[in-house]
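Report on the structure given below.
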Amino acid sequence: MYEWEKSFQMIINEIDKSISNYSNESLTLRFLSKKLGYSEFYTTKKFKEILGMTFRDYLRQRKLAFAFKEVRDNNKSIIEIAFDYGFSSHEAFTRAFKSTFGITPSDYRKDPIPIVLRTKLTPYDRYFLGLEEIGKIKKSDNVKTYFVTISAHKFLYIENKESNGYWDFWDKQKDIKGQDYETICGLLDSVKGKLDDYSGEEANSGSGQLMAYISNPEGRLCDWGFSRTECYGARLPSNYQKAIPSQMKLMDIPESEYLVFEHGEFDYEQENRSVEEKMEIAMETFDFNETGYTYDTSVGRIMYFYFDPSKYWKYIRPVKKIK
C-alpha cells in the first residue's frame, strides 16, 4: 500500500504541473496509467480506493481551482480562462464554476468572497503513515537565530485548545463541522493577499498557510513551558477588510519583536525528525545573556511555525525586553 500511495503522489504532482502549464496532453487516464505501469481499469480502482474520489472528479475540481485563481487575480476574459482549462464554452465554464462554488465567475470577480477550493491531495506522507526517516542523512547541524521586528498585521485562523501537534490538530478538527482540513485549507487558499503566499497563480496546497500557538492559560501546557492554544491560519495585511468565513476568527497582531529559529532547506523523507530535534534543542538552549531579551509568554502573544522543506523550518517566537 505504501508504494501505491507514493506512486499516486507522483501522479498528483504531475496533474498539478500539467494544469499549471495548460497542458492536457498528460492529463488523460491512459497517459497516467501508463506511467504507473497498470491498466486504466486498475488505476481507476486504486485511485478511488486511496484518494476517496474518482480520477475524473479530482481532475475537474483541480482544474476549477486553478481557473478560480485566474478569475480572481488577473484581467483575462472569462472565455479565455474557460478555454485555457479545457472548457468548450463560456456557458460550460460558468455552469461548472457555479455548480462547484455557488457563484458565477463574473459575480465572483466583482466580489471575491472566501470559497472552499479543492486543495492538492497528499496521499503519501511517510511520517503520517508511521514510517521513519530514510537513513540518517544530516546535511547541517546549524540553526540560524536572529531577532526581527514584524509589522502590525492580522491573523485569520481556527483554533483547538486540546490538540497536541499538527496531526493531532487536524484529527480533532475533522469532527468539527466546517473546520476539517479540506474545508479550512480550501478557504484559506482562496483568500487573496496572504502575507506569506508565494504561489502566484498556482492553486497550491498550503502556500501562505501556517500553524501558530497563542499563549493562553486555558490552553494545553506545552513542552516549552507555557499554556498555549494551537491554531492554523494565514497572516493578512493590517488593513484587510474582506469577508471572514463564519467558522474562522480574525486577530489583530500589533508590531512586535520576535526571535527566529531557522533551519534551511532539507530532505523531508530523510531529515524531518532530525531537523525537528535540532530545532527543539536550539530553542531550549538559547542563551539570552547579554541580549536584553527573554521569551514573552504573555496572554495573547502569538508564535508562528513555518514549515516548507524546500525552503526552511522556522519558529518565530515573541520576545520582550528585560526591564
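The values are calculated or read from the model by the stated rules, or taken from the named source; none is laboratory data. This is a predicted model, so every value here is computed, not measured. Cβ placement follows ideal geometry from the backbone for every residue including glycine, while neighbour counts extend to all protein chains displayed.
Computed values, structure above
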{"read-out": "Candidate set from the range 21-48 (those that are of a type in the set (S, T, N, Q) and closer than 21 Å to K63 by Cα); member that is modelled with the highest pLDDT", "value": "T44"}
{"read-out": "Some residue of the range 224-240 being at pLDDT 85 or above, touching a Leu at 6+ places or on another chain (Cβ under 7 Å) and assigned to a loop (DSSP other than H, G, I, E, B)", "value": "no"}
{"read-out": "Residues that are surrounded by fewer than 18 Cβ atoms within 10 Å (Cβ to Cβ) and among the aromatic types (F, W, Y), drawn from the range 269-306", "value": "F286, F288, Y293, Y306"}
{"read-out": "Qualifying position, being over 20 Å from the mean Cα position of the chain (by Cα), in contact (Cβ under 8 Å) with a residue 12 or more places away in the chain and either crowded, with 18+ Cβ neighbours inside 10 Å or assigned by TED's automatic domain parsing to the domain that holds K161 (or both), among F226, F266", "value": "F226"}
{"read-out": "Test: residue in the range 194-203 that is modelled with pLDDT of 95 or more, within 13 Å of the chain's Cα centre (by Cα) and under 30 Å from S18 (Cα atoms)", "value": "no"}
{"read-out": "Enumerated helices (runs of 4 or more DSSP H) restricted to the range 50-113, each holding at least 2 residues that are over 30 Å from Q241 (Cα atoms)", "value": "55-73, 78-84, 90-101"}
{"read-out": "Check on W224, in contact with a helix residue (DSSP H, G or I) (Cβ under 9 Å, 6 or more places away or on another chain) and farther than 30 Å from S190 by Cα", "value": "yes"}
{"read-out": "Residue satisfying condition, being in a loop (DSSP other than H, G, I, E, B) and not aliphatic (A, V, I, L, M), within set S18, S23, S7", "value": "S23"}
{"read-out": "The range 164-189, subset outside any helix (DSSP H, G or I) and touching a Phe, Trp or Tyr at 6+ places or on another chain (Cβ under 9 Å), residue surrounded by the most Cβ atoms within 10 Å (Cβ to Cβ)", "value": "D180"}
{"read-out": "Subset of the range 41-56 [without any contact (Cβ under 8 Å) to a residue 40 or more places away in the chain, buried (at least 16 other Cβ atoms within 10 Å of the Cβ) and over 25 Å from the mean Cα position of the chain (by Cα)]", "value": "T43, T44"}
{"read-out": "Yes/no for K192 being out of contact with any strand residue (DSSP E or B) (no Cβ under 9 Å at 6 or more places or on another chain), assigned to a loop (DSSP other than H, G, I, E, B) and surrounded by 13 or more Cβ atoms within 10 Å (Cβ to Cβ)", "value": "yes"}
{"read-out": "Residue among I79, I15, I50, I19 that alone is hydrophobic (A, V, I, L, M, F, W, C) and farther than 24 Å from G186 by Cα", "value": "I79"}
